[in-house]
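Input: a single structure, listed below in structure tokens.
The values are calculated or read from the model by the stated rules, or taken from the named source; none is laboratory data. These numbers come from a predicted model, not from an experiment. Positions of Cβ are generated from backbone atoms using ideal geometry, with glycine treated the same way; all protein chains shown enter the neighbour counts.
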Amino acid sequence: MYRVFLVDDEPFIIEGLYDIIDWAALGLEIVGHAGNGQKALDALKRTPADILITDISMPVMTGLELVRAVREWNPGLKVIILSGFNEFDYLKEGMRLGIENYLLKPIDVQELRSTLTTTTDKLNAAQAERVLGEQDMRILKEHIMHRWLTGQIAPNEFDERAELLQLQLNRPFVLVALVRFPEGDAGDADLATEQRRPGLSVIPFHNMDGELVVVFTLDEPAEGKRAALEMLARMKADCAAACRISLGSVERLPYEAAQSYAHAKKAQEFFLLYPDRDILDYAEVAVSGETAGLDFPLEWAEYSKLILAKDKDSLLARIDQDYERLLAQEGMTPARLQQISIELMIRFKMELKAIKHTDSSELYQEAFDRVLHAGTVDRMADAVKTVAGLTVDSLIQDVRSPVIQQVLKLIHDSYAEELSLKTLSGQFNIHPVYLGHLFHKETGENFTEYINKYRIEKAKALLKETHLKVQEIAKTVGYWETSYFYKQFKKYVGISPTDYKGLL
């Protein structure tokens with residue numbers, strides 16, 4: 001609501017103004033009143049108003065003197081003049097001061113209501129214009145900061161933009177933090193405000209992934225980082241949602257800020273390994289992965305190409321080849337292999353996030369847990385392949401029709417039940433022949449073949465990870481005849497379920 005202040009030296013006029021207008025219906029509220037200009041001036045310094053309704057002829061200070069005084073600090077104040085005299089000089093001075101209307105007493109209620117409505121419309125328009133201007137600056141700031149922290153802007157261009165935006169970057173060190181909110185929650189930008197304090201400045205903005213990025217510039221690395229961590233801890237306490245905060249590395253300004261940002265992004269992914277933590281420091285988790293004292297031994301560029309090509313089969317084959325090579329390396333240890341697996345899975349997740357700009361932690365959590373608790377190299381590799389498959393499937397899903405997406409979800413959720421094109425076509429109100437054609441077109445496999453392969457993969461996992469009998473596993477994955485299960489298993493795996501279990 002907009003705030004209204006009333007001024008008149010006649011009490012019955014003030015009382016009447018309270019009663020003759022339904023202020024709330026107009027989106028207005030009366031925040032105070034006064035009997036002369038001086039008292040009104042004192043009150044308005046304590047209680048700001050958007051609209052001033054004032055008499056002209058009053059003792060101590062006239063209405064026009066009041067308007068001139070208030071406009072010195074509140075030039076946007078809207079003013080409606082009341083007067084018992086129809087004097088041209090008063091009207092002319094009021095017009096010069098930019099009043100909304102000059103109303104004669106006794107007050108015409110309809111004219112006052114109409115004037116208030118018009119004035120409210122002007123305030124709404126001014127507010128929209130002001131917000132738009134602020135929003136334009138915010139968008140420009142976010143764009144420039146994103147380009148700077150991702151190395152996509154030339155230094156001289158950034159310097160010009162930083163000066164225009166009055167960014168506080170005149171300290172020698174930089175530290176970047178990321179605040180990630182739950183999916184669908186935009187987060188509260190007010191958690192971090194742009195500010196300066198001894199030894200530290202703060203610049204917040206939202207990136208393309210919807211994360212709150214907090215850029216700290218520091219005078220001294222160690223003390224500045226401690227102050228930043230204290231501020232982040234307070235931010236975490238103020239988070240309305242379950243936000244997670246990651247801290248990058250301390251780097252030198254202005255050319256190494258992108259490194260700190262990349263490390264903060266990387267540290268965010270380690271919440272999959274530390275789900276009970278609220279704040280993660282890259283310096284703490286960097287030992288997991290390529291910074292464990294050895295370079296990352298796999299050609300990630302090749303993986304990235306296969307992901308973008310959505311070539312799932314080649315990607316899974318590449319993982320098998322790389323794990324065979326890793327196992328053959330002299331000095332390879334289980335701990336090192338686990339570190340490589342974790343690093344590889346995090347890169348899959350980050351690649352998907354870079355393409356889709358959405359967080360998909362729930363897709364990966366189970367596979368991460370499997371890597372951490374894998375008892376064999378095969379199980380570790382299977383977990384990595386699961387993540388690889390999920391990554392490609394998530395990209396493929398974007399180009400599939402909604403019907404096929406629903407069919408695939410139903411298969412994945414209900415593979416143990418009896419499923420056929422006939423039953424599904426009835427459920428989705430599509431002719432079974434057309435559904436079968438559409439399924440083959442979008443998946444590259446016919447419906448029955450896809451279900452059998454999916455069930456056999458589930459059966460392989462149960463043979464590895466449980467002590468269930470073969471007959472029990474057959475029923476668990478949707479085969480009620482054990483002999484048919486044996487036939488399908490041998491078709492897709494090459495050996496019987498019993499022989500497969502014997503190899504484990």
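From the residues in segment 1-17 that are surrounded by fewer than 19 Cβ atoms within 10 Å (Cβ to Cβ) and under 46 Å from the mean Cα position of the chain (by Cα), which one is modelled with the highest pLDDT?
ARG3
Which count do you get for residues in segment 342-393 that are at pLDDT 85 or above and assigned to a loop (DSSP other than H, G, I, E, B)?
Of the residues in that region, 0 qualify.
Which pairs have Cβ atoms under 8 Å, sit 6 or more apart or on different chains, and link a residue in segment 373-393 that is under 14 Å from PHE348 (Cβ atoms) to one that is at pLDDT 85 or above and among the acidic types (Asp, Glu)?
ALA381/ASP320; LYS385/ASP320; VAL392/ASP311
Suppose we filter LYS422, LYS464 for residues that are among the basic types (Lys, Arg), assigned by TED's automatic domain parsing to the domain that holds ASP499 and closer than 24 Å to ASP499 by Cα; which single one remains?
None of the others qualify; the one that does is LYS464.
Being surrounded by fewer than 19 Cβ atoms within 10 Å (Cβ to Cβ) and at pLDDT 95 or above is true for just one of ILE20, ILE30. Which residue is that?
ILE30
Show the residue pairs that are 6+ apart or on different chains and have beta-carbon atoms under 8 Å apart, the first residue being within segment 322-348 and touching a residue at least 24 places away in the same chain (Cβ under 8 Å) and closer than 15 Å to TRP300 by Cα, the second being assigned to a helix (DSSP H, G or I) and of a type in the set (Lys, Arg).
Listed pairs, sorted by first residue: ILE346/LYS266.
Which of the residues belonging to segment 295-336 are of a type in the set (A, V, I, L, M), part of a loop (DSSP other than H, G, I, E, B) and in contact with a helix residue (DSSP H, G or I) (Cβ under 7 Å, 6 or more places away or on another chain)?
If the condition is that a residue be of a type in the set (A, V, I, L, M), part of a loop (DSSP other than H, G, I, E, B) and in contact with a helix residue (DSSP H, G or I) (Cβ under 7 Å, 6 or more places away or on another chain), then LEU298, MET332 are the ones that fit.
Before we move on, is LEU232 at pLDDT below 90, crowded, with 16+ Cβ neighbours inside 10 Å and not basic (Lys, Arg)?
Considered against the rule, which asks whether it is at pLDDT below 90, crowded, with 16+ Cβ neighbours inside 10 Å and not basic (Lys, Arg), LEU232 comes out as yes.
Tell me, please, whether a residue that is exposed (fewer than 12 other Cβ atoms within 10 Å of the Cβ), assigned by TED's automatic domain parsing to the domain that holds ALA24, within 49 Å of the chain's Cα centre (by Cα) and among the aromatic types (Phe, Trp, Tyr) can be found in segment 81-88.
No, every residue in segment 81-88 fails to be exposed (fewer than 12 other Cβ atoms within 10 Å of the Cβ), assigned by TED's automatic domain parsing to the domain that holds ALA24, within 49 Å of the chain's Cα centre (by Cα) and among the aromatic types (Phe, Trp, Tyr).
Do we have any residue at all in segment 166-177 that's at pLDDT below 80 and either in a helix (DSSP H, G or I) or within 23 Å of LEU212 (Cα to Cα) (or both)?
Taking every residue of segment 166-177 in turn, at least one turns out to be at pLDDT below 80 and either in a helix (DSSP H, G or I) or within 23 Å of LEU212 (Cα to Cα) (or both).
Could you grab the pairs with beta carbons closer than 8 Å, sequence gap of 6+ or different chains, first residue in segment 114-143 and in the same structural domain as GLU29 (by TED's automatic domain parsing) and loosely packed, with under 14 Cβ neighbours inside 10 Å, second one in a helix (DSSP H, G or I) and modelled with pLDDT of 80 or more?
Between residues of segment 114-143 that are in the same structural domain as GLU29 (by TED's automatic domain parsing) and loosely packed, with under 14 Cβ neighbours inside 10 Å and residues that are in a helix (DSSP H, G or I) and modelled with pLDDT of 80 or more, the close pairs are THR117/LEU26.
How many residues does segment 207-256 hold that are more than 23 Å from the chain's Cα centre (by Cα) and among the aliphatic types (A, V, I, L, M)?
Final tally of qualifying residues: 5.
Give GLN268, GLN339 a once-over and let me know the one that is at pLDDT below 85, closer than 22 Å to HIS373 by Cα, polar (S, T, N, Q) and in contact with an Asp or Glu (Cβ under 9 Å, 6 or more places away or on another chain).
GLN339
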